[in-house]
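Trainee: I have a structure I would like to understand better, so I am pasting it below and will then ask my questions one at a time.
The values are calculated or read from the model by the stated rules, or taken from the named source; none is laboratory data. All figures in this text were calculated on a predicted structure; none of them were measured in a lab. Cβ: placed from backbone, ideal geometry, glycine included. Neighbour counts: every protein chain shown. Note: accessible area is taken over every heavy atom of the protein model, side chains too, but ligands, DNA and RNA are not part of it. Shrake-Rupley method; radii C 1.70, N 1.55, O 1.52, S 1.80 Å.
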Amino acid sequence: MNLLLRNARLLDPLTGEYTEGDLRCADGRIAEVGPGLTAADVRSLDLRGAVVLPGLVDAHVHVTASTADLGSLSSTSPSYVAAHAARTMSRMLDRGFTTVRDASGADFGLADAQAEGLFRGPRLLFCGRALSQTGGHGDSRTRGTQVKDDHPCCAGLGRVADGEDAVRAAARDELRKGAHHIKVMASGGVASPTDRIDSTQYSAGELRAIVEEAEAANRYVAAHAYTARAVNRALELGVRSIEHGNLLDDRSVSLFLEHDAFLVPTLVTYWALKEEGREHGLPESSWRKVDDVLGAGLAALDRAARGGVKLVYGTDLLGGMHRHQNHEFRLRAEVQSPLEVLRSATSTAAELLNLTGEIGTLAVGAHADLLVVPGDPLADIGVLAEPEKFHHVIQGGAVVSG
């Protein structure tokens, strides 16, 4: 698509600087940036000084999580789940998110359908099923259920594999299906029925085997982990991306820097689960576990930010709570500067996703995924928390919202 944006304030997240001028999109990419641009037979929008920034990135979503009762998904029709996912992704696009990284559940079918334009939504980087030990965060069986059925259809979020040979085979299988990253459950969690949040999950040998398989395929491992004990051992074993990390410590910060790893906090999901999780299907037993991580999240973010850890925007919302996706901007602003928060959803996210120069930037040659907003997000990051006020969302050089 060809599009010319005129009289814009162009915001570079990397430098935090504004440039007054125009931006031209051609064939889905940013073709030219500068003052006084002209182009024949191209749609032109006079932005009258509105701010243009790269399309936003959410690096921890579950587009197939149509309910907070995650255990029910594995017995839900894949076609029903796909219909919900398409609607969820369409709404994410309207909120300014032009790229999302799925942290388990989505598969190649959804990614291909979005890429082919079968439904509107952000670019989707998927991992397939998350790897979990028996009784781990990805094992949705209750205590009285013995039969294990990983449902080869695409509706479930996790797959259970135990032992180094089994986890190698599981990782290779997800990579075979095109996974952009491997997700592993390295500690207990809120939405799982039989584990403790303060547990570590998988042996060192199993985690190391999973990392080796991902690295062999030039991919990486993202690990669900809450406590410092779980976070630190995952980082020491080569995990590149820690999801949540609410209970990390100073040793964790040192390990992030030593291993050039990333932290993806997901503060908004705990706030939403506590406020309305039960009405969206979260079992009572899981709801009672939310307090274990709710209060610690902001303190962990502050500790990591002050220590120089590379932080990436993530939300982890489920079911009807997806609508709070942009509220994460306000929560992070309690301890970070607006520019730091913006980078987490643009340039730093692009680095984690191995898409530097492709997304999260207004550089020539990047995907023409753009967001046009009425105010200055560097003065008030809350501008990005009100998607209903966005002027335009642009994807591949085409105006898709506004």
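Trainee: Residues with beta-carbon under 11 Å from that of Glu386, excluding Glu386: net charge, scoring Lys, Arg +1 and Asp, Glu -1?
Mentor: Values: positive: Arg95, Arg330, Lys389; negative: Asp380, Glu388.
Combined, the nearby Lys, Arg, Asp and Glu give +1.
Trainee: May I pose another question? Which aspartates and glutamates, if any, have their Cα less than 20 Å from the Cα of Lys274, not counting same-chain residues under 8 positions apart?
Mentor: Within the straight-line limit of under 20 Å, Lys274 reaches these aspartates and glutamates: Asp69, Asp195, Asp198, Glu243, Glu284, Asp291, Asp292, Asp316, Glu328, Glu334.
Trainee: Can you check what the net charge comes to around Ala204, using other residues whose Cβ is under 9 Å from the Cβ of Ala204 (Lys, Arg +1; Asp, Glu -1)?
Mentor: Values: positive: Arg208, Arg233; negative: Glu206, Glu236.
Once all neighbours under 9 Å are counted, the net charge is 0.
Trainee: Oh, and also: With a probe of 1.4 Å, find how much accessible area the chain has per residue, and write the answer as a whole number in Å².
Mentor: Accessible surface, normalised per residue, equals 38 Å².
Trainee: Now for a different question. Using each residue's phi in the range 156-165, evaluate 6.51 cos²θ - 1.76 cosθ + 1.60 at θ = phi - 60° and report the 3J(HN,Hα) Karplus result to the nearest Hz, with x for Gly and Pro.
Mentor: x, 9, x, 9, 8, 9, 10, x, 4, 5
Trainee: Further, regarding this structure: Grab the other residues whose beta carbon is less than 15 angstrom from that of Thr361, score K and R as +1, D and E as -1, and report the net.
Mentor: -3
Trainee: Round to a whole angstrom and tell me the spacing of the C-alpha centers of the range 250-327 and the range 65-84.
Mentor: Each part reduced to its Cα centre gives a spacing of 23 Å.
Trainee: Just by accessible area at a 1.4 angstrom probe, what is the order of His322, His391 from largest to smallest? Show your work: numbers first, answer last.
Mentor: Values: His322 15, His391 80 Å².
Result of the area sort, largest leading: His391, His322.
Trainee: Moving on. Please report the carbon-and-sulfur percent of the accessible area for the chain; probe 1.4 Å, protein heavy atoms only, DNA, RNA and ligands left out.
Mentor: Percent of accessible area from carbon and sulfur atoms in the chain: 47.
Trainee: Moving to a separate point now. As a check on your grasp of the helix formula, calculate [θ] at 222 nm for the chain: sum -39500 (n - 2.57) over DSSP H runs of n ≥ 4, divide by the residue count, round to the nearest 500.
Mentor: For the chain, the value works out to -8500 deg cm²/dmol.
Trainee: Output the relative contact order of the range 1-107, whole-number percent, from Cα pairs under 8 angstrom with separation of 6+ residues.
Mentor: Once normalised by length, the contact order is 27 percent.
Trainee: Considering only DSSP states other than H, G, I, E and B, which trypsin sites (Lys or Arg not before Pro) in the range 26-69 qualify as loop sites with at most 13 other Cβ atoms within 10 Å?
Mentor: Hits after loop and neighbour filter: Arg48.
Trainee: A follow-up question, please. Below 8 Å between Cα atoms, with a sequence gap of 6+, how large is the relative contact order for the chain in percent?
Mentor: 19
Trainee: Work out how much length Ala40 to Trp287 would gain on full extension: take 0.36 nm times their residue separation and subtract the Cα-Cα distance, in nm to one decimal. Before the final figure, lay out each step's value.
Mentor: Working: separation 247, 0.36 × 247 = 88.92 nm, distance 5.75 nm.
Gain on extension, Ala40 to Trp287, equals 83.2 nm.
Trainee: Counting only protein chains, not ligands or nucleic acids, how are His60, His259 ordered by accessible area (probe 1.4 Å), most first?
Mentor: Details: His60 0, His259 75 Å².
Heavy-atom accessible area, descending, gives His259, His60.
Trainee: Also, quick follow-up: If the chain between Ser90 and Asp380 were fully stretched, how many nm would it gain, using 0.36 nm times the residue separation less the Cα-Cα distance?
Mentor: That works out to 101.8 nm of additional length.
Trainee: Taking all protein chains together and a probe of 1.4 Å, list Asp376, Asp102, Asp165 from the most accessible to the least accessible.
Mentor: The residues order as Asp165, Asp376, Asp102, largest area first.
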